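Trainee: Would you mind keeping the following structure in view while I ask a few things?
The values are calculated or read from the model by the stated rules, or taken from the named source; none is laboratory data. These numbers were taken from a predicted model, which means no experiment stands behind them. Positions of Cβ are backbone-derived with ideal geometry, glycine not excepted, and every protein chain shown enters the neighbour counts.
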Amino acid sequence: MTPDGAAPWWQEAVFYQIYPRSFADSDGDGVGDLAGIRAHLADLAWLGIDALWISPFFRSPMADCGYDVSDYCDVDPLFGDLAEFDGLVADAHALGMRVVIDWVPNHTSDQHPWFLDACSSPNSAHRDWYVWRDPNPDGTPPNNWVSAFDLDEPAWTFHEPTGQWYLHLFEPAQPDLDWDQPAVVEAMHDTLRFWLDRGVDGFRADVVHGIGKDPRLPDDPPAVAGIPHCALNDEPVTHERLRAIRTLVDSYPGERMMVGEVFLMSTEAVATYYGEGDELHLAFNFPPLFAPWLADRWRACIEDTTSALDPRGAWPTWVLSNHDNPRHRTRYDRAAARAGEDEATTTRRSEARARAAAVLLLTLRGTPFIYQGDELGLTDADIPDDRRLDPGGRDGCRAPLPWDATSDHGWTCGPGSRPWLPLPPESSTRNRAVEEADLTTILHLYRRMIALRGAVPALSRGSFEFLDLADGVLAYQRAHGDDVVTVLVNFEERPVDIAMASLAGAEVLLASDGTATTGGFSGVLGPDQAVVVRG
Ligand code: GLC
């Protein structure tokens, strides 16, 4: 709560993740940029978005599409410059939208001046800013940790000229910083100050649970062999570091915030990164992102979240897709495809699921994050072998956003140039212009659902309680004061009769497959349909 009793903005905001390479291109080089984002801010305001999270746009050799930073305090020329960024923040604020940027504290690029200096000699000023160890007597790496993208590869690279291994939980081009060094802490705090001074509203902190490591660097237990160390690292010292970061962020006026990527598959463990309200403001929780389209699995995810977070007074987040995983329509589509079934039927079902999932995302108790393009119901692009770029195989979900039905879908490229990745498969029908012109599209569903959430406090800040109504249906009530709203999500491919007398004839506020309110609730949910009713 803020001093006047209102919830902080980041608890009620609908966030939208922008992956800048793929959002919109202003200069025709086939790669999205800050001016492209700026040109489309009004489109996001139209949708009802409250806050943007912009993935990295800092100077980078792009070994991991910008998650390998070589200068934390400048914009990569590919994306624009600091003046363009300042303009973007000013324009977003003028439209009533907050701006949250990515902060990559666990590792730098191997081309960062700090690491170049560290490599220059074992006695260099920045040597101990990174994690260096001597080889084992037999020449092998210091421990058995494996890196994130290639599970056959150690999280260590041998640096021939200085005779030691350096640690990298991700690519060799992403050496881990050593946060045990006060100078590293100070330098990284300065990078936060740099952007806070420029007016950003907060940060999404990349693999932030990595900034504390057991100084003994013990082997990972054999039972978890093959799991990358970044999904296992969970050290008490990180909490101390997060408290210092929280103090810094909170010292700025205007409710600045930090949402952390804590890539641990236990919601219980993730919850500890909120501390006692003195660490992360929010943390991503990934089990729902990996959950299949099954009511029981979703109920379990929600119950786990409630039981882990509520006792701490921690506020949940909800994510269906992001730049690291197949889009949820692709995941649900894959799950839906039946042998011998025609494509149109599979597509119809995955569309229905994506619509119901939008209602789910935007009616749960917590802060929802929409990944760019989900509002268009996009699926992943097919990436031919010769166009694969990402070491982690994540290109499909990072395809450029189709803006219109022209042949290049708004990605006007000069001669000899093309968008950096192929566009998604249905771009001639699923693009912003076509969907905006048709009230029946998923884009309009998102817009209506976001507006409803904004207009009905029960949906943004109300209490949450499950109802047991029918197998395969997730049903819950959100209440605020006297206002009670019931959400029904049918995960089944068949219609389901809802046996709840009090809902008969209740006012339908929104139906996932409808264009507008449809009057009284019939008591039957269509296949993969979600409805929001008052009462
Ligand atoms: C996070 C990012 C991912 C990146 C990795 C290393 O998981 O979301 O895209 O590759 O960190 O920075």
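Trainee: Identify all residues within the range 181-206 that are away from the ligand (no atom under 16 Å from the Cβ) and outside any helix (DSSP H, G or I); write none if there are none.
Mentor: Answer for the range 181-206, where residues must be away from the ligand (no atom under 16 Å from the Cβ) and outside any helix (DSSP H, G or I): 181, 198, 199, 200, 201, 202.
Trainee: Run residue 504 past the list (1) in contact with a strand residue (DSSP E or B) (Cβ under 7 Å, 6 or more places away or on another chain); (2) modelled with pLDDT under 95 and report the number of the one that doesn't hold.
Mentor: (1)
Trainee: Applying the selection to the range 123-170, what residues are within 16 Å of the ligand (Cβ to nearest atom), at pLDDT below 95 and in contact with a strand residue (DSSP E or B) (Cβ under 9 Å, 6 or more places away or on another chain)?
Mentor: Across the range 123-170, the qualifying residue is only 153.
Trainee: Quick check: anything in the range 460-481 in a loop (DSSP other than H, G, I, E, B), hydrophobic (A, V, I, L, M, F, W, C) and crowded, with 20+ Cβ neighbours inside 10 Å?
Mentor: no
Trainee: Still on this structure: With the structure loaded, tell me whether residue 489 is in contact with a helix residue (DSSP H, G or I) (Cβ under 6 Å, 6 or more places away or on another chain) and surrounded by 13 or more Cβ atoms within 10 Å (Cβ to Cβ) or whether it fails that test. Outline the logic, then answer.
Mentor: Working: in contact with a helix residue (DSSP H, G or I) (Cβ under 6 Å, 6 or more places away or on another chain): yes; surrounded by 13 or more Cβ atoms within 10 Å (Cβ to Cβ): yes.
Judged against the criteria, residue 489 is a match.
Trainee: Would you confirm whether or not the range 387-394 contains a residue that is away from the ligand (no atom under 16 Å from the Cβ), at negative phi, in contact (Cβ under 8 Å) with a residue 24 or more places away in the chain and not assigned by TED's automatic domain parsing to the domain that holds residue 474?
Mentor: Yes: the range 387-394 contains one or more residues that are away from the ligand (no atom under 16 Å from the Cβ), at negative phi, in contact (Cβ under 8 Å) with a residue 24 or more places away in the chain and not assigned by TED's automatic domain parsing to the domain that holds residue 474.
Trainee: So, in the range 477-515, how many residues would count as being closer than 22 Å to residue 353 by Cα and either acidic (Asp, Glu) or without any contact (Cβ under 8 Å) to a residue 24 or more places away in the chain (or both)?
Mentor: The total comes to 7.
Trainee: Need pairs with beta-carbon distance below 9 Å; first residue free of Cβ contacts under 8 Å to residues at least 40 places away in the same chain and within the range 443-459, second crowded, with 18+ Cβ neighbours inside 10 Å and among the β-branched types (Val, Ile, Thr); sequence gap 6+ or separate chains.
Mentor: Hits for this filter: 458/484; 458/485.
Trainee: Just for the range 211-259: of the residues that are hydroxyl-bearing (Ser, Thr, Tyr) and assigned to a loop (DSSP other than H, G, I, E, B), which one is farthest from the ligand (Cβ to nearest atom)? Spell out how you get there, then give the answer.
Mentor: Pass one, the range 211-259, residues hydroxyl-bearing (Ser, Thr, Tyr): 238, 247, 251-252.
So of that shortlist, the ones also assigned to a loop (DSSP other than H, G, I, E, B) come out as 251-252.
Working: 251: 27, 252: 25 Å.
In this case the residue turns out to be 251.
Trainee: Quick one: what pairs do we get from the range 66-90, first residue farther than 22 Å from residue 420 by Cα, second within 16 Å of the ligand (Cβ to nearest atom), C-beta under 6 Å, 6+ apart or different chains?
Mentor: 71/59; 72/58; 72/191; 74/59
Trainee: Taking residue 390 as the residue in question, decide whether it is part of a helix (DSSP H, G or I), under 30 Å from residue 147 (Cβ atoms) and among the charged types (D, E, K, R).
Mentor: no
Trainee: Right, next: Please determine, by comparing only the residues of the range 408-463 that are at pLDDT below 95 and of a type in the set (Ser, Thr, Tyr), which one is nearest to residue 354 (Cα to Cα).
Mentor: 412
Conditions (1) small (Gly, Ala, Ser); (2) under 30 Å from residue 257 (Cα atoms), marked per residue:
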{"residue": "114", "(1), (2)": "no, yes"}
{"residue": "132", "(1), (2)": "no, no"}
{"residue": "135", "(1), (2)": "no, no"}
{"residue": "162", "(1), (2)": "no, no"}
{"residue": "166", "(1), (2)": "no, no"}
{"residue": "173", "(1), (2)": "yes, yes"}
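Trainee: So residue 64 ticks every box in (1) touching an Asp or Glu at 6+ places or on another chain (Cβ under 7 Å); (2) more than 16 Å from the ligand (Cβ to nearest atom) but one. Which box is left unticked?
Mentor: Checking residue 64 against (1) touching an Asp or Glu at 6+ places or on another chain (Cβ under 7 Å); (2) more than 16 Å from the ligand (Cβ to nearest atom), the one that fails is (2).
Trainee: Applying the selection to the range 123-154, what residues are free of Cβ contacts under 8 Å to residues at least 12 places away in the same chain, in a loop (DSSP other than H, G, I, E, B) and more than 14 Å from residue 219 (Cα to Cα)?
Mentor: Within the range 123-154, 123, 124, 125, 137, 138, 139, 152, 153 qualify.
Trainee: How many residues does the range 494-522 contain that are surrounded by 15 or more Cβ atoms within 10 Å (Cβ to Cβ) and over 30 Å from residue 437 (Cβ atoms)?
Mentor: The total comes to 5.
Trainee: Next question. Counting only residues that are closer than 26 Å to residue 57 by Cα and of a type in the set (Lys, Arg), which one in the range 189-231 is nearest to the chain's Cα centre (by Cα)?
Mentor: Of everything passing the filter in the range 189-231, 204 is nearest to the chain's Cα centre (by Cα).
Trainee: Same structure again: Quickly run through the range 1-46 and pick out the residues that are out of contact with any Asp or Glu (no Cβ under 9 Å at 6 or more places or on another chain), closer than 19 Å to residue 417 by Cβ and acidic (Asp, Glu).
Mentor: 29
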